[in-house]
Structures are given as structure tokens and as C-alpha cells.
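Structure, as C-alpha cells:
The values are calculated or read from the model by the stated rules, or taken from the named source; none is laboratory data. Every value quoted in this text rests on a predicted model; they were computed, and no experiment measured them. All Cβ positions, even for glycine, are placed from backbone atoms using ideal geometry, and neighbour counts span all protein chains on display. What goes into the accessible areas is simple: the full protein's heavy atoms, side chains included, and nothing from ligands, DNA or RNA. Shrake-Rupley method; radii C 1.70, N 1.55, O 1.52, S 1.80 Å.
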Amino acid sequence: MRSARVRLRRLPLHIAAGLTIAVCLFPVYWMVTTAFKPNRDIQSDTPQLLPQTWTLDHFRTAVHADGFGLFWRNSILVTLGAVLLALVVALGAAFAVARMRWRGRRQFVLMVFIAQMAPWEALIIPVYIISRDTGMLDRLPTLTLIYFMMTLPFTIVVLRGFIAAIPPELEEAAQVDGCTRGGAFRHIAFPLLAPGLMATSLFGYITAWNEFTYANFLIIKHQDSRTLPVWLSSFQNVFGTDWGATMAASTLFALPALAVFLLLQRHVTSGFAAGAVKG
């Protein structure tokens, strides 16, 4: 009887969770199924949940579109560069905040939180003016630096909490055995940071991979320096939008992020949980 009552009480929560999952996944489902529909089904007045006829023509159109391979390369270079830079800088900053006591430490943490909360869309005009005056428009390193700055505050916050959760006695014991402070961190603490590093890497990867606004405004003249989010808009012209090719390209665009998340899912969960424990 008690178990039945517990299940009955949890039933509204299960229903709410199911509805939330359905609402979140339905756009993804519609995108994928539309990518396999022929044009006549896409433009039909009666929408169909499943394609009556499956086709790969839209994927062929996306793959053979101008700049497909080039824009993939640009997105990969910019994303990897931003993530690696953020990890290196944030690791040093997080260690300094979590392990050392220095004047201005609290103010520094406060500034990191403010930077994390600041809307980057509000800074697009100042960033554009600075990029124009310094000759950095239409360059991939500019996007790399911007994405690095976008992901840096969050990376510092998470790694700070993760480092603070590691007992400092472990590093002190290694120093007693002859390790330097840097060596103790490298051999003792750094291996324990793997879940946190993977969690922040995933966040940085998704942020840089999906970013559209800055890539669209800062890459103006040199079309060869554009990234995949901007390339997706190339299927829209004065005659309309090729929805089949757009959905196929969007499906291909989402696959790397999905694959990375599935590979790092276990580490991401433990990393975010550990990073929020202490700090």
C-alpha cells in the first residue's frame, strides 16, 4: 500500500518530466525527419510525423554545397582553439583562487561572476569597433579569442570548485616526499580534475560550435573565414528557403556535439556535481 501511495504521489512528477522531455525533443525529431522527407511532403498542407517516402537528396545537397568542407574546418579550428585556451588559462586562475590567499582574490572572483552573467550580445558593437580599428575583422583568430573570453568565466568557476574539493593534504604529502608545488599539482591534483576538465570542455565546445552572432557580424568580406552556423543560412535566398537541405545540414551540424556529449556524459555529470560542492 505504501509503495502504491508513493508511486501515486510521484505520478504528476513523472507526467511533468515526460511532457518536458517531449517538448524539448520534438523540435529535434522534426528536424531529423524533415531532412529525410521529399520536397512534396515538406510543402504539403498536412504535416506528417513520419516520412512516407525516405530520401537522402537533401543530405547530398548539403554535402555538395559550396564551402561545406571549408566551413567545417573553420568551425573545428576555432572551437578547439577556444576550448584549449580557456582550459589552460582557467586552470591557472582556478588554482590561484582555490589554493592561494592573495589581496584582491574576492574581488577577482566577483568580477568573474559578473563576466559570466554579462550578456555578450550587448558587447557586439564595442567588439566590432575594436576589431575594425585593430584590423582583426574577417579573421578566424578573432573568433577564437571571442569564444575564449565567452567560455573563460564559466570554466574558472567550475574548476575553482573542483580544485577546492580536492583535499590539499594530498599535495602537501607529495611535497613532503620531495615534489615541488607545481609537481605535486601535476602528479596528484591534475589527474583528479579529469571530470571537471571534460565538463568545462563540453560547455566550451558547445558554446563555440553553436555561436552565430559574432561569426556573422565579424566575418564580412572574407566568406572563406565563416563558420558552420553562418553556412546554414546559405540555404535561404530571394526565392525562399530550401527547408529540406537546411534540416539536413542542421542534422549534420548537430552530430559532432551529440557525439561528444555521449562520449563524455558520465564525466560531465560527475564534473558539474563535484564543481558545485565547494568553493
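What do you reckon, is Ala62 in contact with a His (Cβ under 8 Å, 6 or more places away or on another chain), closer than 20 Å to Gln236 by Cβ and not basic (Lys, Arg)?
no
When you scan the stretch 70-78, do you find a residue that is among the charged types (D, E, K, R), closer than 26 Å to Gln236 by Cβ, in contact with a Gly (Cβ under 9 Å, 6 or more places away or on another chain) and assigned to a helix (DSSP H, G or I), even just one?
Looking for residues that are among the charged types (D, E, K, R), closer than 26 Å to Gln236 by Cβ, in contact with a Gly (Cβ under 9 Å, 6 or more places away or on another chain) and assigned to a helix (DSSP H, G or I), one finds none in the stretch 70-78, hence no.
Which of the helices (runs of 4 or more DSSP H) contained wholly in the stretch 141-212 include at least 3 residues that are open to solvent by 50 Å² or more (accessible area, probe 1.4 Å) and touching a residue at least 60 places away in the same chain (Cβ under 8 Å)?
Those helices (runs of 4 or more DSSP H) do not exist here; none qualify.
Given the criterion more than 27 Å from Phe203 (Cα to Cα), at pLDDT 90 or above, surrounded by 12 or more Cβ atoms within 10 Å (Cβ to Cβ) and of a type in the set (Ser, Thr, Tyr), identify the matching residue among Thr79, Thr34.
Criteria check complete, one pass: Thr34.
Just to be sure, is Met111 hydrophobic (A, V, I, L, M, F, W, C) and closer than 30 Å to Ala249 by Cβ?
Here the answer is no, as Met111 does not meet what is asked.
Tally the residues that are open to solvent by less than 100 Å² (accessible area, probe 1.4 Å) and over 22 Å from Leu255 (Cβ atoms), restricting the search to the stretch 39-60.
The total comes to 6.
Per-residue answers, yes or no, for (1) in contact (Cβ under 8 Å) with a residue 60 or more places away in the chain; (2) assigned to a helix (DSSP H, G or I); (3) exposed (fewer than 10 other Cβ atoms within 10 Å of the Cβ):
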{"residue": "Val97", "(1), (2), (3)": "yes, yes, no"}
{"residue": "Arg103", "(1), (2), (3)": "no, no, yes"}
{"residue": "Gln107", "(1), (2), (3)": "no, yes, yes"}
{"residue": "Leu110", "(1), (2), (3)": "no, yes, no"}
{"residue": "Leu123", "(1), (2), (3)": "no, yes, no"}
{"residue": "Tyr128", "(1), (2), (3)": "yes, yes, no"}
{"residue": "Arg132", "(1), (2), (3)": "no, yes, no"}
{"residue": "Gly135", "(1), (2), (3)": "no, no, yes"}
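Just to be sure before I move on: is Leu87 assigned to a helix (DSSP H, G or I) and open to solvent by less than 40 Å² (accessible area, probe 1.4 Å) in the structure I sent?
So Leu87 fits the description; yes.
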